[in-house]
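See structure below.
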């Protein structure tokens, strides 16, 4: 398998910082920033005391501004694979449909009353945390 060519672009919100097409970040001194996992879901970095999700930085630099009402979707469903070719914009509705799983009334009620956080519930029900949040806020399954 051929290795992806790494291209660097400026990060507009962080003067002097750069993001690469393979998801690496350089600070304003030109050093690669290590970063870490955010909620064990995404890779994040801290620049100028502010945290950024790496997939969003890559998408903004290489795909353009994230359209209103859209999120950045990982095509291969590996949220740590931040190669530009693995990212695309998707509306929340399309994203939910893509990851859709029909829940029973009991499961919906369990999600709404559970003391678990959205990440833990997502793991339990094999759903993305945005969908769990929508269920908790009664944006979906309104009839239950």
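So the values come out like this:
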quantity	calculated
Residue that is nearest to residue 77 (Cα to Cα) [pool: residues in region 46-59 that are part of a strand (DSSP E or B) and under 13 Å from the mean Cα position of the chain (by Cα)]	53
Members of region 91-104 found to be touching a helix residue (DSSP H, G or I) at 6+ places or on another chain (Cβ under 9 Å) and in a helix (DSSP H, G or I), listed by number	92, 95, 96
Selection count where residues are within 18 Å of residue 79 (Cβ to Cβ) and out of contact with any strand residue (DSSP E or B) (no Cβ under 9 Å at 6 or more places or on another chain), scope region 107-144	16
Selected residue (only one of 107, 88 is modelled with pLDDT of 90 or more, in contact with a helix residue (DSSP H, G or I) (Cβ under 8 Å, 6 or more places away or on another chain) and outside any strand (DSSP E or B))	107
Residue 84 vs. criteria touching a residue at least 60 places away in the same chain (Cβ under 8 Å), surrounded by 18 or more Cβ atoms within 10 Å (Cβ to Cβ) and under 15 Å from the mean Cα position of the chain (by Cα)	yes
Tally, over region 1-40, of residues that are in a loop (DSSP other than H, G, I, E, B) and surrounded by 15 or more Cβ atoms within 10 Å (Cβ to Cβ)	9
In region 110-130, residue nearest to the chain's Cα centre (by Cα) [restricted to those that are part of a loop (DSSP other than H, G, I, E, B) and surrounded by fewer than 11 Cβ atoms within 10 Å (Cβ to Cβ)]	126
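The values are calculated or read from the model by the stated rules, or taken from the named source; none is laboratory data. All figures in this text were calculated on a predicted structure; none of them were measured in a lab. Using ideal geometry, Cβ is built from the backbone for each residue, glycine included, and neighbour counts are taken over all protein chains shown.
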